[in-house]
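J.: I have a structure I would like to understand better, so I am pasting it below and will then ask my questions one at a time.
The values are calculated or read from the model by the stated rules, or taken from the named source; none is laboratory data. Values in this document were obtained by computation on a predicted structure and should not be read as measured data. Every residue, glycine among them, receives a Cβ derived from its backbone with ideal geometry; neighbour counts consider all protein chains shown.
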Amino acid sequence: MLLFGLAAIEQQVFPGAAPALEDSLILDVAKGDTRAFSELYIRTHKSIYGFALSIVKNQQDAEDVMQDTYLKVDRAAGSYQPRGKPMAWLLTIARNLALERLRSRRDVPLEQEEDWHLWSAEDPTQAQEDALVLEAAMELLGDEERQVVTLHALSGLKHREIAALLGIPLATVLSKYRRALMKLKHYLEEVEQA
């Protein structure tokens, strides 16, 4: 039986949120520092992939968006303006690329299966039951709810930053986040009782 508490929902769904980034890391990438680029990738790839997956809704496209994001970061790092929000800059690039991919694939039906368990699992031997529960739980959320939860729990962005990134009011972000957590809590409680 799975035991989930409300306080542990975010950690169960999004283990290992990315550590805070410093502007200097992107500035070092702009100077051609390959170690800085590697560090940037290590610290952000799960967040970028998870956010892309929440938009494009399939593993292959999310991986492509993630790769394109880092290629664009490598090319655009020189134009980065330090404002203390490097993760927001990265996620804006990922969001634009993901939306571009969706527009280019409008005539192609998107896969319905979302591979949340592939990017949320730190341990490759995670129980299949846990993976199925997490995948089912994430499917309960609407697109914006999933994006808000992903950005907050996985990427560590503040609600105000999420509102700016998604172009929606702060009150809407807060409402969607609260509603998403309640949906996840109720679902996980039902699974626990089953």
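J.: From the set of residues in segment 30-51 that are under 8 Å from the mean Cα position of the chain (by Cα) and at pLDDT 90 or above, which is surrounded by the most Cβ atoms within 10 Å (Cβ to Cβ)? Don't jump to the end; show me each part of the working.
T.: Going residue by residue through segment 30-51, those that are under 8 Å from the mean Cα position of the chain (by Cα) are 46-51.
Narrowing the set further to residues that are at pLDDT 90 or above leaves 48-49.
Numbers: Ile48: 28, Tyr49: 23.
Among those that are under 8 Å from the mean Cα position of the chain (by Cα) and at pLDDT 90 or above, it is Ile48.
J.: Does Arg103 meet the test of being in a helix (DSSP H, G or I), surrounded by fewer than 20 Cβ atoms within 10 Å (Cβ to Cβ) and basic (Lys, Arg)? Before the answer, list the steps.
T.: Numbers: in a helix (DSSP H, G or I): yes; surrounded by fewer than 20 Cβ atoms within 10 Å (Cβ to Cβ): yes; basic (Lys, Arg): yes.
The answer is yes for Arg103.
J.: Exactly one condition in (1) in a helix (DSSP H, G or I); (2) crowded, with 16+ Cβ neighbours inside 10 Å; (3) in contact (Cβ under 8 Å) with a residue 24 or more places away in the chain is not met by Ala136; state its number.
T.: (2)
J.: From the set of residues in segment 52-89 that are more than 19 Å from Leu166 (Cβ to Cβ) and hydroxyl-bearing (Ser, Thr, Tyr), which is farthest from the chain's Cα centre (by Cα)?
T.: Going through the qualifying residues, I end up with Ser79.
J.: Tally time: how many residues in segment 143-193 are in contact (Cβ under 8 Å) with a residue 24 or more places away in the chain, among the small types (Gly, Ala, Ser), out of contact with any Pro (no Cβ under 9 Å at 6 or more places or on another chain) and not in a helix (DSSP H, G or I)?
T.: 1
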